[in-house]
Amino acid sequence: MLDALDDRLLNDYQRGFPLLARPFAALGARLGVGEAEVLARYRRLARAGIVSRIGVVLRPHAAGASTLAALAVPPARLEAVAAIVSAQPEVNHNYEREHRFNLWFVLAAPTAARLEAALARIRGASALAPLALPLEKEYHIDLGFDLATLAAPRCAPGPAASLPPADRPLLAAIEEGLPLVPEPYAVLGRAVGLAEPEVCATIGRWISSGVVRRFGVVVRHRALGIEANAMAVWDVPDEAVDAIGARLAAESGVTLCYRRARRPPAWSYNLYAMVHGREREAVRARIAQLNAALGLAELPHEVLFSRRCFKQCGARYAAAEVAYG
């Protein structure tokens, strides 16, 4: 059972986590508790699977290549194929969805060649052809939304900066998240040969330059009962998709919104939005409202609810590079 302090530790620090030598002490001072209490709570929330990590959420393509992909898996093979997909270090999210294309996963790698190699391994091991759906334009990508209201702040996409090569060792060290110790930046610094102030300054530079979308607590929403999550997709004429995508991204309840490549004839959709919720009918009703408000109801569209989560972690751009050496 979560209490009010847990709620604040989860909700208030999904972005803007302190870049100070003792960040957990700083949070404790704000919340009226000690550093040890803050650390104990984050450790408990991590063990419970509610907190994925405290760390960076990178802008897409800031540190390498990534794509959404899907497989149409015979139901009898779904768990076996999901295990093949989840075993790939490049895969950071892997979900069953209600559709003929029933397994959806996200891959990230330091280079496009390594991304293609991961897809080839999945193809070879599963004897199924992944449908790769790379991002073409983001309208809203964050997932740092209020856990009570499910309202997401609307932020401009920001500059398209890339991670400097010299910063990759620090990215590799932080991809698993901050160590839950009193001086986490000093621990990271010792791992990569940087002083603690340099670690904080580098992360701050990533944020200000747009390499990092947000820095803070990354929550596993399903563990908090936010399980009625749907990916809505539309086939929007190319000349209209950016205008409609911008409007859709600004709507309440939309937690992700972007344009991806079509893959005809199997997949003709190019506009995507995620709507998260606790009740399936409320999510369906909100998508119906979006269709009506934006004139999308007459366009080809589908709603794919999530069923099971097979894997969820942060993207491993730098760690994959180190592993492959």
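Nothing in this text is a laboratory measurement; each read-out follows from the coordinates by a stated rule. Here the structure is a predicted model, which is why all the values come from computation and not from measurement. Using ideal geometry, Cβ is built from the backbone for each residue, glycine included, and neighbour counts are taken over all protein chains shown.
With Cα atoms as the point set, region 159-270 shows a radius of gyration and Dmax of 19.3, 54 Å.
Here the extension length gained between S268 and S162 equals 35.1 nm, from 0.36 nm per residue of separation less the Cα-Cα distance. Here E198 and E35 are evaluated by their C-beta separation; at R0 = 30 Å the FRET efficiency comes out at 0.85. For the chain, the residue among L20, V181, A83 whose Cα projects farthest onto the positive side of the dipole built from Cβ charges is A83. Ranking L9, G34, L58 by Cα position along the charge dipole of region 1-99, where only Lys, Arg, Asp and Glu carry charges on their C-beta atoms, puts G34 farthest toward the positive end.
Between A288 and E116, the FRET efficiency from the beta-carbon distance, with R0 = 41 Å, is close to 0.60.
Which translational diffusion coefficient, to the nearest whole µm²/s, is obtained for region 6-54 from the Stokes-Einstein equation, given a Kirkwood hydrodynamic radius over C-alpha pairs, 10 °C and 1.306 mPa s? Provide the component values of the computation, followed by the final result.
On the way: Rh = 10.9 Å.
My calculation gives 145 µm²/s for D.
For region 1-150, the convex hull drawn through the C-alpha positions has a volume of 159 cubic angstrom per residue.
Any chance you could run the full-extension gain for D6 through D238? It's 0.36 nm times the residue separation minus the Cα-Cα distance, nm to one decimal. Could the numbers behind the result be given before it?
Numbers: separation 232, 0.36 × 232 = 83.52 nm, distance 4.46 nm.
Additional length available on full extension: 79.1 nm.
Each Lys and Arg contributes +1 and each Asp and Glu -1, all at the Cβ; summed about the Cα centre of the chain, the dipole is approximately 480 debye.
Residues whose amide H lies under 5 Å from that of R307, counting only those 5 or more places away or on a different chain, are E96, R97, E98; hydrogens are built 1.01 Å from N in the peptide plane. In the chain, the longest principal axis of the Cα atoms and the axis of helix 112-126 are about 60 degrees apart.
Please label the shape of region 239-325 as rounded, prolate or oblate, based on the square roots a ≥ b ≥ c of the eigenvalues of the alpha-carbon gyration tensor (a/c under 1.5 means rounded; beyond that, a/b larger than b/c means prolate, else oblate). Here region 239-325 falls in the prolate category. The stretch between E136 and S252, if pulled fully straight at 0.36 nm per residue, gains 39.5 nm over its current Cα-Cα span.
The alpha carbon radius of gyration of the chain, expressed as a multiple of 2.2 N^0.38 Å, is 1.00. By the helix-only formula, in which each DSSP H run with n ≥ 4 contributes -39500 (n - 2.57) and the sum is divided by residues, the chain has a 222 nm mean residue ellipticity of -10500 deg cm²/dmol. Per-residue packing, averaged as other Cβ atoms within 10 Å, sorts the ranges 119-127, 225-233 into the order 225-233, 119-127, beginning with the highest.
If you average the C-alpha positions of region 275-305 and of region 121-136 separately, how far apart do those two centres end up, in angstrom? Centre-to-centre distance over Cα atoms comes out at 27 Å.
Once the Cβ-Cβ distance between R100 and R205 is put in as r, and R0 is 41 Å, what FRET efficiency do you end up with, to the nearest 0.05? Present the calculation step by step, with values, prior to reporting the outcome.
Values: r = 45 Å, r/R0 = 1.09.
After rounding to 0.05, the efficiency reads 0.40.
Specify the inter-centroid distance of region 71-92 and region 205-271, based on alpha-carbon positions, in whole Å. Comparing the Cα centres of region 71-92 and region 205-271, I get a distance of 23 Å.
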